[in-house]
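Shown next, in structure tokens, is the structure this report addresses.
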Amino acid sequence: MSSFPDKKIAQRLLEKAAQLATRGRYSDQALDPHQAPLAARDRFDIALPRRGRDPLEVIESLDSAARPGLSGMTDAGFMSWVIGGSHPAGVAADWMAAAWGQNACLYEASPASAQAEAASAKYLLDVLDLPPESSVGFATGATMAAFTSLAAARLCVLERAGHDFERKGLYGCPEVAIYIADDAHVTNYSALRYLGFGSDQLHRIPSLDDGTYDCDALEAAMAEDDVPARIVLAQAGHIMSGAFDDFTRLAALCKRHGAWLHVDGAFGLWVRASRRLRRIAEGVELADSWSVDGHKWLQIPYDCGFAIVKHEEYHRRAMSMQAGYLPKGEPLRNNSDYVPELSRRARGFSVWAVMQSLGRKGIEDMIESHCHSAHLLAQALRRLDGVEVINRQCLNQLAVAFHSPHCDGAEAVAQALNASGRYFVRTAQWQGRKLLRFSIINGETGPDHVAPMVDEIAAAWQAISRAAA
Ligand SMILES: Cc1ncc(COP(=O)(O)O)c(C=O)c1O
């Protein structure tokens, strides 16, 4: 007896799932599920039945169990963390990828999955205007993209220092100096840890107020150190300020010291898609590798990130695996040659579908529209008494202080916005202050959303200040 449902039932099941998921996506439920008590949100904790249930009924119970705990991440008012809105074309393509059941590991296993990644890789290099010879791995997100790129970096700098990493691993390897801005995104520290670099190998360079490198301090540290191998991590788009490092200067420093330059551009690298804004990331193309997310500004459904490496040989040597039963990709692409996993989902379909749906112009317009909206929001907030926008230059991120001697202003405003059901925002601690963060990165969000939001913030802030006085 098959453990799968009969084909007719299976078809009904998939159609039903599409119906329920669509209804869930476009419901008018409050965006922040934490507004309801925890008990109302946990409907999963039920006994595992001995005999299986009807899958149609299971899918319906999944829908009702999950709904109360779903965040409104696809809605214009979701501005917390840095989370893209899952473009509908990407969602549809991802459903198709799941329904087709493709394991995207090898060309031999799924030619379409390999071709979709190969074509999307070309689009990405073109839109981001990075060296066309670069190789692209489709990873789960920027964390694993950084891990992948830095694995290639480790192999290269150790080889240049005369160490055969592939044979000896980290045992007896020469010292590798890793330079990283103190306020770099936490996931870069994680990626380095997974690669075997402990805190003693990290040269933490002071950050400026906007979180970027103090380049003078970096230059002095690199001049002082006498090490055979170096890797420099830089950032395109700081998580709080949206600020960018001075890549032209960093690239020149790296060239002088034979260092590998890696850029974490999880969201910020996408400014390269805008002819008007790309100067912010000038010189970023001079790096050796880049990690960038698809599931942030490009609106690919979760999960999707890209490890882009200028030196394909090191990328492949760091990631590819060989076994008698695994066919080689050459001259065609084996997707697994560029990421840590062998088996994985076919992310190329959703990337291809979203990039085809938006087109070059659509991507450019979206990036510019988000940055313009952030700029409008910053301008309006700066006009409110007791409100301070911390960022000097707004990309799409805003960090805002609400000054009140009597209460935690940022938290109180966040709570008022979230309680309205129309927003999902969060506060963060940065540089010793509690700040309200706005990340304008959702495909649904645009300049028209700014004025109503400012009205809500102003009304909430006025009520909070009055009550606290
Ligand atoms: C600057 C930066 N780097 C890295 C990451 C990690 O990305 P992911 O969560 O996709 O692994 C993020 C996530 O917000 C980020 O903003």
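The values are calculated or read from the model by the stated rules, or taken from the named source; none is laboratory data. Please read these numbers as outputs of a predicted model, since none were measured by experiment. All Cβ positions, even for glycine, are placed from backbone atoms using ideal geometry, and neighbour counts span all protein chains on display. Accessible surface is based on the protein model in full, side chains and every heavy atom, while ligands, DNA and RNA are left aside. Shrake-Rupley method; radii C 1.70, N 1.55, O 1.52, S 1.80 Å.
Which values, in whole Å and largest first, are the semi-axes of the equivalent ellipsoid of region 29-152 obtained as the square root of 5 times each eigenvalue of the Cα gyration tensor?
Sorted largest first and rounded, they come to 35, 22, 14 Å.
Kindly point out which whole DSSP H helices in the chain project their C-alpha atoms 20 angstrom or further along the helix axis while averaging a Kyte-Doolittle hydropathy of 0.0 or above. Intermediate results must be reported in sequence, preceding the final value.
Working: long enough: 7-25 (27 Å, -0.72); 111-128 (25 Å, 0.42); 142-160 (26 Å, 0.99); 347-382 (42 Å, -0.03); 450-468 (26 Å, 0.72).
The qualifying helices are 111-128, 142-160, 450-468.
Please identify the GluC sites (Glu not before Pro) of region 252-355 that satisfy two criteria: DSSP loop assignment and at most 13 other Cβ atoms within 10 Å. Which are they?
For GluC sites (Glu not before Pro) across region 252-355 that sit outside H, G, I, E and B with at most 13 neighbouring Cβ atoms in 10 Å, the list reads Glu282.
Would you mind working out the accessible area per residue for region 176-317, using a 1.4 Å probe, and quoting it in Å²?
35 Å²
Convert 25 °C to kelvin, take the viscosity as 0.890 mPa s, use the Kirkwood radius over C-alpha pairs of the chain as Rh, and evaluate the Stokes-Einstein diffusion coefficient in µm²/s, rounded to a whole number.
Translational diffusion coefficient: 102 µm²/s.
Which value, in Å², gives the accessible area per residue of region 19-131 when a 1.4 Å probe is used on the protein heavy atoms?
Numbers: 6170 Å² over 113 residues.
Counting only protein heavy atoms, the per-residue value for region 19-131 is 55 Å².
Restricting things to alpha carbons, tell me how big region 365-468 is in terms of Rg and Dmax, in Å.
Taking only Cα atoms of region 365-468, I get Rg and Dmax of 13.0, 42 Å.
Only bridges whose two residues both fall in the chain count here: according to DSSP, what percent of them are antiparallel, nearest 5?
Around 55 percent antiparallel, to the nearest 5.
Name the trypsin sites (Lys or Arg not before Pro) in region 362-394 that are in a loop by DSSP and that have at most 15 other C-beta atoms within 10 Å, would you? Intermediate results must be reported in sequence, preceding the final value.
Details: sites: Arg382, Arg383, Arg392; in loops: Arg383, Arg392.
Counting only loop positions with at most 15 other Cβ atoms within 10 Å, the trypsin sites (Lys or Arg not before Pro) in region 362-394 are Arg383, Arg392.
With the full set of protein chains in place, find how many percent of the accessible area of the chain is carbon and sulfur; take the probe as 1.4 Å.
Result for the chain: 53 percent of the exposed heavy-atom area is carbon or sulfur.
Identify all lysines with a Cα-Cα distance to Lys361 below 24 Å; exclude those on the same chain that are fewer than 8 residues away in sequence.
Hits, sequence-local ones excluded: Lys122, Lys296.
Loop only by DSSP, 15 or fewer other Cβ within 10 Å of the Cβ. Give me the chymotrypsin sites (Phe, Trp or Tyr not before Pro) in region 1-91 that pass, ordered by residue number. Display every interim value, and only then the final one.
Values: sites: Tyr26, Phe44, Phe78, Trp81; in loops: Tyr26, Phe44, Trp81.
When the chymotrypsin sites (Phe, Trp or Tyr not before Pro) of region 1-91 are filtered for loop state and at most 15 Cβ neighbours within 10 Å, Tyr26, Phe44, Trp81 remain.
Using a 1.4 angstrom probe, figure out how much accessible area region 369-469 has per residue, in square angstrom, rounded to the nearest whole.
44 Å²
Can you spot the lysines whose alpha carbon is less than 16 Å from Lys255's alpha carbon? Ignore those fewer than 8 places along the same chain.
Hits, sequence-local ones excluded: Lys310.
When averaged across all projection directions, what area in nm² does the alpha-carbon convex hull of region 210-315 cover?
The number I arrive at for region 210-315 is 7.5 nm².
How many angstrom lie between the Cα centre of region 232-266 and the Cα centre of region 66-139?
Each part's Cα centre sits 25 Å from the other's.
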